[in-house]
1. Let me check I have the definition right: for region 13-130, take the eigenvalues of the Cα gyration tensor, multiply each by 5, take square roots. What are those semi-axes in whole Å, largest first?
2. How large is ³J(HN,Hα), in whole Hz, for each residue of region 116-125 in order, when computed from phi with the Karplus curve 6.51 cos²θ - 1.76 cosθ + 1.60 and θ = phi - 60°, using x for Gly and Pro?
3. Given a 1.4 Å probe, how much area per residue of region 66-116 is accessible, in Å²?
4. Within region 79-122, what whole-number % of the accessible surface is contributed by carbon and sulfur, with the 1.4 Å probe and all protein chains included in the calculation?
5. What residues qualify as long-range amide H neighbours of Lys67, i.e. H under 5 Å apart, gap of 5 or more or another chain, H built at 1.01 Å from N?
6. Suppose accessible area is computed on protein heavy atoms with a 1.4 Å probe; arrange Phe86, Phe120, Phe128 from highest to lowest.
Amino acid sequence: MKTRSIFVFVSALLLSACAHNTAGISVDSSGQVRVDSSSFASDVNVTDISSVMVADLIKASALIQSKSSTDLRLQYKFTWFDASGFTVEDEASSWKSVKLHGKQQMQVGAVAPNTLATRFEIYVREAFSN
């Protein structure tokens, strides 16, 4: 029994060592920043959060900046919220991949899925290939 417990413990350690850290940076439409990975935040910055109304829908944009001198493969996702704070059609929004070269910056954007959306959040994380 003790040998089995040790095997399970060692297996769990090995599997967790293979898991990638998918934490990143989040910025909401009011400019509030949340850093979930300080090491990632030392390489990437998300600024210039803005939005405009286009035909009763919010069009949002953000500037993703590389602070690194090497290439970075990133993913970003816009999440939309209604006036009550609930997500709006979250399953319709997917992660988008971008590659930033050293010190490059890229403006990204999205349009709200419907008129219920009143605010948004962009989340940026490092992309890993499987």
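The values are calculated or read from the model by the stated rules, or taken from the named source; none is laboratory data. Note that the coordinates shown come from a computational prediction; the quantities given were computed from them, not determined experimentally. Calculation scope for accessible area: heavy atoms of the full protein, side chains included, ligands and nucleic acids excluded. Shrake-Rupley method; radii C 1.70, N 1.55, O 1.52, S 1.80 Å.
1. On the way: eigenvalues 137, 59, 30 Å².
Three semi-axes, in Å: 26, 17, 12.
2. 6, 5, 10, 7, 8, 9, 10, 10, 10, 9
3. Working: 3090 Å² over 51 residues.
Computed with neighbouring chains in place, this is 61 Å² per residue.
4. On the way: 1320 of 2670 Å².
Roughly 49 percent of what the probe reaches on region 79-122 is carbon or sulfur.
5. Here Val44, Asn45 satisfy the definition.
6. Working: Phe86 135, Phe120 0, Phe128 75 Å².
I get Phe86, Phe128, Phe120, largest accessible area first.
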